[in-house]
Each structure stands twice: as structure tokens, then as C-alpha cells.
Amino acid sequence: MSIKDNLNTIKSKLPEGVTLVAVSKTKPNEDLLEAYEAGQRVFGENKVQEMVQKWEDLPKDIEWHMIGHVQRNKVKYMTEFVSLIHGVDSPRLLKEINKQAKKHDRVIPCLLQIHIAEEDTKFGLDKAELDELINSDAFEAMENIKIVGLMGMATFTDDKNQVRKEFAQLKSMFDELTTKLEDITILSMGMSGDYQIAIEEGSNMVRIGSSIFGVRNYS
Ligand SMILES: *Cc1c(COP(=O)(O)O)cnc(C)c1O
């Protein structure tokens, strides 16, 4: 199947109101262009340098989402163009995004990443850290970021009940957050292997890579 066919198959399964982020990390420009020509405009990358390079090379109406873990010293390279940062997992990172965004006179939409998986290798805030962050004075004072929702990754397991439970947990944190902050509209959860469960549990943004572009080769 071609990238175009894969995209169309996935899009036909997404309910209205669910945004598809085409995760193009490690893939060459020609693959992204094939998706672009099939109508895709939202792409997700997990390395800042790689995203900057692709932004320079590819059509300017692409919306670039940073979905990976971001090091603070890399934020400045993407401030000019990034449309959504999914993986904000510390007050210090948020502060740096705010600072760089201010220099560019932008307000950058961000998602807070929540740790829902059993593995400790996945980044993210827990419930207590989330509450602390959104109630802090420092957060109040940040005018160049806007928290628009939450992002999370489920445990990598065949146990669908486990995955479902984790997504449900994130959805309930999301619902609670909508009562505390304005502008909370995005719940980013679900990847190639689990996006259908994620949607059933309330996701409205899925990040799909290998089911569109094929398996990644990291060598
Ligand atoms: C790579 C990646 C994805 C996409 O994974 P696939 O299994 O290829 O769909 C989604 N989210 C994040 C954060 C990723 O790093």
C-alpha cells in the first residue's frame, strides 16, 4: 500500500473532530510530500533539528507538531514556526518555551504530557505535579504559552484492558482540567497500535506514524 492509501484508510476510520497528526520522524522529505499531496497538513516530529530541517525544505502551510521529549536548549530553534508542543513535562521547560515565544512575539500552544503508562521510561507529569504546575504563580505569569490540553502514551502491551484503563484515566484528568483552565480542547492520545481504543476513550488527536509511512529504520 502507498502512503496515500494508508492515509485514506486511516482517515476513513477517524470520527469527525479527531485530528490526525502524521508522525514522520526518521522519514525522508519525499515521504512527507507524498502525504502532503494526499492532503495531509499536520505532521509530528520528535527531534527538534530534524523538524527544523523539514520545515525549511517543505511547503510552508504544513503545521509542525513537536511530539517528542524536548531539551530546553533546543526550544529556541523551533519557536518561530512550531504550531503545537505535545510533550511539555516540567515547569522549567514551560518557562523556557514562554521566554523564547516572547522573543518572537508569539503565544505557543502546548500540551502537558501526563505519565499514564506503567513503564517508568515514559516521560510526563503525575497528577500532583500537574496540579502544582497549574496552580503556581509562575504559571499564572506566563503570557506567551497557552496550555490547550493533555498528551499521554499508554503502556506498550498487548493487554487492551490495561491500555484502555490508562486512556480513561487521562480522559478523566482532561475533563477535570477543562473545569480549571480555559482553552482546554485537545486530548492527544493514541498511536498506530492503540488509536482505536484511544478514540473510544475520548481522544481527539491521534499521532500515527508507522501505519502511514511504514516501519521506521533507525540505523
Ligand atoms: C513515534 C511516536 C508516535 C507514532 O508511533 P507509531 O507507533 O509509529 O504510530 C506517536 N507518538 C509519539 C510521542 C511518538 O514518539
Quick check, is VAL107 among the hydrophobic types (A, V, I, L, M, F, W, C) and either within 16 Å of the ligand (Cβ to nearest atom) or surrounded by 16 or more Cβ atoms within 10 Å (Cβ to Cβ) (or both)?
no
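Counting only residues that are assigned to a strand (DSSP E or B) and buried (at least 19 other Cβ atoms within 10 Å of the Cβ), how many does region 33-48 have?
Residues of region 33-48 that are assigned to a strand (DSSP E or B), as a first pass: 42-45.
Next, only the ones that are buried (at least 19 other Cβ atoms within 10 Å of the Cβ) stay: 43-45.
Of the residues in region 33-48, 3 are assigned to a strand (DSSP E or B) and buried (at least 19 other Cβ atoms within 10 Å of the Cβ).
Show me the strands (runs of 3 or more DSSP E) entirely contained within region 51-148 in which 2 or more residues are touching a residue at least 40 places away in the same chain (Cβ under 8 Å).
On the way: elements: 63-66, 84-88, 108-114.
The qualifying strands (runs of 3 or more DSSP E) are 84-88, 108-114.
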Residues satisfying the stated conditions in region 184-218, i.e. within 16 Å of the ligand (Cβ to nearest atom), assigned to a loop (DSSP other than H, G, I, E, B) and among the polar types (S, T, N, Q)
SER192, SER203, ASN204, ASN217
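Tell me, which residue of region 184-210 that is small (Gly, Ala, Ser) and closer than 15 Å to VAL42 by Cα is surrounded by the fewest Cβ atoms within 10 Å (Cβ to Cβ)? Even if it seems obvious, please write down each step before you answer.
Within region 184-210, the first condition is being small (Gly, Ala, Ser), and the residues that meet it are 188, 190, 192-193, 198, 202-203, 209-210.
Still in the running and closer than 15 Å to VAL42 by Cα: 188, 209.
Values: SER188: 28, GLY209: 21.
Among those that are small (Gly, Ala, Ser) and closer than 15 Å to VAL42 by Cα, it is GLY209.
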Residue that is within 30 Å of ASN144 (Cα to Cα) and open to solvent by less than 20 Å² (accessible area, probe 1.4 Å), where the choices are VAL18, VAL75:
VAL75
Note on region 162-183: residues open to solvent by less than 20 Å² (accessible area, probe 1.4 Å) and either within 16 Å of the ligand (Cβ to nearest atom) or part of a loop (DSSP other than H, G, I, E, B) (or both) are VAL163, GLU166, PHE167, LEU170
Could you list, ordered by first residue, the pairs with Cβ atoms under 6 Å in which the first is in region 167-183 and without any contact (Cβ under 8 Å) to a residue 60 or more places away in the chain and of a type in the set (Lys, Arg) and the second is buried (at least 18 other Cβ atoms within 10 Å of the Cβ) and outside any helix (DSSP H, G or I), at least 6 apart or interchain?
LYS171/GLU201
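Within region 49-57, does at least one residue satisfy the condition of being modelled with pLDDT of 95 or more, away from the ligand (no atom under 16 Å from the Cβ), over 26 Å from ASN98 (Cα atoms) and open to solvent by 20 Å² or more (accessible area, probe 1.4 Å)? Explain how you work it out, then say what you get.
Here is the first cut: in region 49-57, the ones modelled with pLDDT of 95 or more are 49-57.
Narrowing the set further to residues that are away from the ligand (no atom under 16 Å from the Cβ) leaves 52-53, 55-57.
Cutting the leftovers down to over 26 Å from ASN98 (Cα atoms) gives us 57.
Cutting the leftovers down to open to solvent by 20 Å² or more (accessible area, probe 1.4 Å) gives us 57.
Yes, region 49-57 has at least one match.
The values are calculated or read from the model by the stated rules, or taken from the named source; none is laboratory data. None of these values were measured; they are calculated from a predicted model. Cβ sites come from the backbone with ideal geometry, for glycine too, and all protein chains shown count toward neighbours. In case anyone asks, the SASA skips ligands and DNA or RNA and just uses the protein heavy atoms, side chains included. Shrake-Rupley method; radii C 1.70, N 1.55, O 1.52, S 1.80 Å.
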